[in-house]
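Some notes on the structure that comes next.
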Amino acid sequence: MGRTLQNTMINLGLQNACDEAVYQLGLDMEELEEIEEDAGLGNGGLGRLAACFLDSMATLGLAAYGYGIRYEYGIFNQKIRDGWQVEEADDWLRHGNPWEKARPEYMLPVHFYGRVEHAATGTKWVDTQVVLALPYDTPVPGYMNNTVNTMRLWSARAPNDFNLRDFNVGDYIQAVLDRNLAENISRVLYPNDNFFEGKELRLKQEYFVVAATLQDIIRRFKASKFGSTDSVQTVFDSFPDQVAIQLNDTHPAMAIPELMRIFVDIEKLPWNKAWDITKKTFAYTNHTVLPEALERWPVDLVEKLLPRHLQIIYEINQRHLDHIASLFPNDVDRLRRMSLIEEGGTKRINMAHLCIVGSHAVNGVAKIHSEIVKTQVFQDFAALEPEKFQNKTNGITPRRWLLLCNPGLAELIAEKIGEDYVRDLSQLTKLHEFVDDDLFIREVSKVKQENKVKFALYLEKEYKVKINPSSMFDVHVKRIHEYKRQLMNCLHIITIYNRIRRDPAKLFVPRTVIIGGKAAPGYHMAKMIIKLINAVAQVVNNDPVVGSKLKVIFLENYRVSLAEKVIPATDLSEQISTAGTEASGTGNMKFMLNGALTIGTMDGANVEMAEEAGEENLFIFGMRVEDVTQLDREGYNAHEYYSRLPELKQAIDQIKSGFFSPKEPDLFKDVVNMLFHHDRFKVFADYEAYVKCQEKVSELYLNSKAWTKMVIKNIAAAGKFSSDRTIKEYARDIWHVEPSDLKIPPPNEPRDAAEDKTPNGTAA
């Protein structure tokens, strides 16, 4: 979520008043804002997307709740020591959190372990361990519409009789200390992005948030006028009309068997009715196609922790496979491919399959990704129910990612086209009229220059390096992962470095290359990549021949509040994942909206950005998805590129020989070995095209006016990438709710009792 203060002031229309009031107290608002800790309760794009969605849902007047876990320790703080990443605990609650309100009156029990009893009266889950879920509510204000929604985060608490109720003759002190075991559930965020780690505590976290949330939703449904009290059998008939639950990836997939357990075991609904309601309630968003990211929980673990849920999953699977077998008799291979249970070695539950079978809608997050989902990853399911599969291209909130982080540009745009664009970003197309307006071109350029000077001062303060603010700010910020190919950027840096040394007199377009992002603590290769970037920076930044022509900076502890500083100052945005691997990306959109040009592959939302702005207004290079597929068929041979491309060979030889690590010559042998022998993401295959494309970038940068014209064309085409547009599509196509642009009157004005009635259902 990042910081809340400035966003709240902007959405309430109070920023200028607050700035002035604080100024009159002899204080500086910006200094105050810098004191607030980021709420870092997610890993990367997936968590930040949810935050943008909450802002858009409130701004569109949807009655929506965001549910999650109130981690005591969020994503780790990253320190760079001697070029290596070191993790520190993110004790973000140390000084308290003024934005949250504990709601002990809504505390709910969550059960674990135990066993299942079958009796004539029905099935019971007994002898369980209980953990209490305590909700904390954070307000989510819409933009200037007096709507305030709720983000409800659950914290784990041990019940007061924890470890004392069972004929515990013994150790009272130990029993109280053992309360920590229950409360560890909400202690810390697992720091993996796009990687599945099948740990018991993680599964506990996933079930904890799901069980508490579903009880909360059902309590609210029953308390509302919709829960028909006619007869037990019809109470839940209107449930899917009033409640929509969107599964943000498979992490909350246990919600499907949990809702079935509530309906069948507790509310005594017949299976078929319960299943019909469940499917109509859930929809699933897929966020990645990387096989190592797909959640596949061992059956043994689920059986131990959630025995009743395993039975329900088996029953869902049996009925699902019976249905497939009736359509495709004797096709055992199809049954194996489509089963929720993967046999062979340890039996596992494929959570994505569970989500597809248990939802009425499945979507990818960019056109190209949704196609890959349909034609490759889940092709059997898409063949069965093509109408279930949709696309919803991701977006970003223009409130945080333009008004808040780039007030200079936001104001300049408002002067030209009015202020309405903040709620309707498609209006940015009006900027096309000003592409040839010399004054506007100069003003856009001036705002960028001011942002760069401000960020250069920040860098000099934090990193003690002198930055040339007229150099091209070439920025690559995102989680460190092989598929995102920070290594390819690194090879380009080495290539430029070698060119400068070969011909120091030649005119080079000066660059400041900024790379930032966190590596999962257990991801060896990602940590080696960080070390390599820092080792290269060490050499480049201290070579007198290079001077100010090239500077390399690794941005420490990349997070939302730092993104808000670097993005407005960026000239060139690096979006260079191997085609077919980045589901969408959202950083790409933030850079586009803030006046950076994009160098990128035809991957994720880059494809649609090129479609909107015109391919000639992005620096698109490299293999397309088809080329990658073709290369896989032929067999990717890294050595062939190494032998054929002298500059690539030189760069690799330098890394290999210890040019960048003279004290430890074979420090990077693992990296080089990976690049030659098991590089799934084909860095060498795109290297040549990337370097050539970068030459075109430098050439355009020399012509400031032509560059800025292209920038304006990009900003004018960024309207599609508002999360408001994304959420309108979810509301229309999946949740079946109508956004309301009714501005609720402020609390100090009386309002008609008639207007109190909400016609909309609830999107949870």
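The values are calculated or read from the model by the stated rules, or taken from the named source; none is laboratory data. Fair warning: this is a prediction, and the values are worked out from it, not measured in the lab. Glycine also receives a Cβ, built like all others from the backbone with ideal geometry; neighbour counts cover every protein chain displayed. Side chains included, ligands, DNA and RNA excluded: accessible areas come from the protein's heavy atoms. Shrake-Rupley method; radii C 1.70, N 1.55, O 1.52, S 1.80 Å.
In percent, rounded to a whole number, the relative contact order of the stretch 236-392 is 27, using alpha-carbon pairs under 8 Å and six or more apart. Projecting the Cα atoms of L532, G516, Q575 onto the charge dipole of the stretch 478-632 (Cβ charges, centred on the Cα centre) puts L532 farthest toward the positive pole. Starting from the Cα gyration tensor of the stretch 171-264, take the square roots of the eigenvalues, sort them a ≥ b ≥ c, and report rounded, prolate or oblate (rounded when a/c is under 1.5, otherwise prolate if a/b is larger than b/c, else oblate). Oblate, because a/c is 1.5 or more while a/b does not exceed b/c. Shown here for the stretch 157-225: chymotrypsin sites (Phe, Trp or Tyr not before Pro) in loop regions (DSSP other than H, G, I, E, B) with at most 13 other Cβ atoms within 10 Å, namely F167. Which residues' amide hydrogens lie under 5 Å from the amide hydrogen of V235, considering only partners 5 or more residues apart or on another chain, with H built in the peptide plane? Amide H neighbours of V235: none.
For the Cα atoms of the chain, what angle does the longest principal axis make with the long axis of helix 524-541, in degrees from 0 to 90, nearest 10? Helix 524-541 and the main axis of the chain meet at about 20 degrees. With a cut-off of 15 Å between beta carbons, the residues surrounding Q205 carry a summed charge of -2, where Lys and Arg count +1 and Asp and Glu -1.
Helical content of the chain, expressed as a calculated mean residue ellipticity at 222 nm, amounts to -12500 deg cm²/dmol (DSSP H runs of 4 or more residues, -39,500 (n - 2.57) each, divided by residue number, nearest 500). Note on exposure: V377, V566, V625 ranked by accessible area (1.4 Å probe, complete protein assembly) read V377, V625, V566, with the most exposed listed first.
Spatially, the stretch 1-17 and the stretch 523-583 are offset by 30 Å when compared through their Cα centroids.
Computed on protein heavy atoms with a 1.4 Å probe, the accessible areas place E36, E415 in the order E415, E36, largest first. Taking θ as phi - 60° and the Karplus parameters 6.51, -1.76 and 1.60, the scalar couplings of the stretch 128-144 work out to 8, 9, 9, 10, 8, 10, 9, x, 10, 9, 10, x, 10, x, x, 7, 6 Hz in sequence order, x denoting glycine and proline.
Across the options G198, A717, H323, the greatest Cα extent toward the positive end of the charge dipole of the chain (unit charges at beta carbon of Lys, Arg, Asp, Glu) belongs to G198. Straight Cα distances below 20 angstrom link K565 to the lysines K79, K446, K448, K452, K454, K461, K464, K466, K478, K518, K551, K590, with same-chain residues fewer than 8 positions distant left out. Taking the convex hull of the alpha carbon positions in the stretch 81-176 and averaging its projected area over all directions gives 14.0 nm². The stretch between V465 and I35, if pulled fully straight at 0.36 nm per residue, gains 152.4 nm over its current Cα-Cα span. The stretch 20-71 and the stretch 380-449 have Cα centres separated by 20 Å. DSSP finds beta bridges in the chain, and of those with both partners inside it, around 45 percent are antiparallel. Which trypsin sites (Lys or Arg not before Pro) in the stretch 172-275 pass both tests, a DSSP loop state and at most 12 other beta-carbon atoms within 10 Å? Counting only loop positions with at most 12 other Cβ atoms within 10 Å, the trypsin sites (Lys or Arg not before Pro) in the stretch 172-275 are K199, K225, K268.
When the charge dipole of the chain is built from unit charges on Cβ atoms (+1 for Lys and Arg, -1 for Asp and Glu) and taken about the Cα centre, the candidate among G364, F660, I218 whose Cα reaches farthest toward its positive end is F660.
For T598, the residues whose amide H sits under 5 Å from its own are S573, F619, ignoring neighbours fewer than 5 places away on the same chain, with H placed 1.01 Å from N.
For the stretch 624-731, what's the relative contact order in percent, using C-alpha pairs closer than 8 Å and at least 6 residues apart?
18
Spin-label model, A383/Y113: points 7 Å from Cα along the beta carbon direction are separated by 4.5 nm.
Only Lys, Arg, Asp and Glu carry charge here, each on its Cβ (+1 for the first two, -1 for the last two); on that basis the stretch 236-392 has a dipole of about 80 debye about its Cα centre. Annotation: amide H-H contacts under 5 Å for E295 (H modelled 1.01 Å from N, sequence separation of 5 or more, or interchain): M351, A352.
Note: relative contact order over the chain, using C-alpha pairs below 8 Å and six or more positions apart, is 15 percent.
What is the total of Lys pairs in the stretch 236-392 with C-alpha atoms under 12 Å apart, excluding same-chain pairs fewer than 8 positions apart? Number of lysine pairs found: 4.
Considering all alpha-carbon pairs of the chain, what whole percent are spaced by more than 39 angstrom?
39
Taken about its Cα centre, the chain carries a charge dipole of roughly 960 debye when the Cβ of each Lys and Arg holds +1 and the Cβ of each Asp and Glu holds -1.
Loop-located trypsin sites (Lys or Arg not before Pro) across the stretch 311-389 with a Cβ neighbour count of 15 or fewer within 10 Å are K347, with loop assigned by DSSP. Decide, for the stretch 663-732, between rounded, prolate and oblate: order the square roots of the alpha carbon gyration tensor eigenvalues as a ≥ b ≥ c, take rounded if a/c falls under 1.5, and otherwise choose prolate if a/b is larger than b/c, else oblate. Note, shape of the stretch 663-732 comes out oblate. All C-alpha to C-alpha distances of the stretch 236-392, sorted into 10 Å bins beginning at zero, yield P(r) values of 10, 40, 38, 11, 0 percent in whole numbers. Run the reach check for K663 against lysines, Cα to Cα strictly under 18 Å, same-chain hits fewer than 8 apart removed. What comes back? The reachable lysines, counting only those whose Cα sits under 18 Å from K663, are K531. Taking label positions 7 Å along the Cα-Cβ direction at both D127 and N272, the computed distance is 3.6 nm, reported to one decimal.
Compute the FRET efficiency between R187 and L742 as 1/(1 + (r/R0)^6), taking r as their Cβ-Cβ distance and R0 = 41 Å, and round to the nearest 0.05. Using R0 = 41 Å, I get an efficiency of 0.50. In this structure, N637 and F508 have a Cβ-Cβ separation that, at R0 = 25 Å, corresponds to a calculated FRET efficiency of about 0.15.
In a shell of Cβ-Cβ distance under 11 Å around D127, excluding D127 itself, what net charge do Lys and Arg (+1) and Asp and Glu (-1) give? Local charge sum for D127: 0. Taking the convex hull of the alpha carbon positions in the stretch 551-695 and averaging its projected area over all directions gives 10.2 nm².
When the accessible area of the stretch 669-736 is computed with all protein chains present and a 1.4 Å probe, what percentage of it is carbon and sulfur?
52
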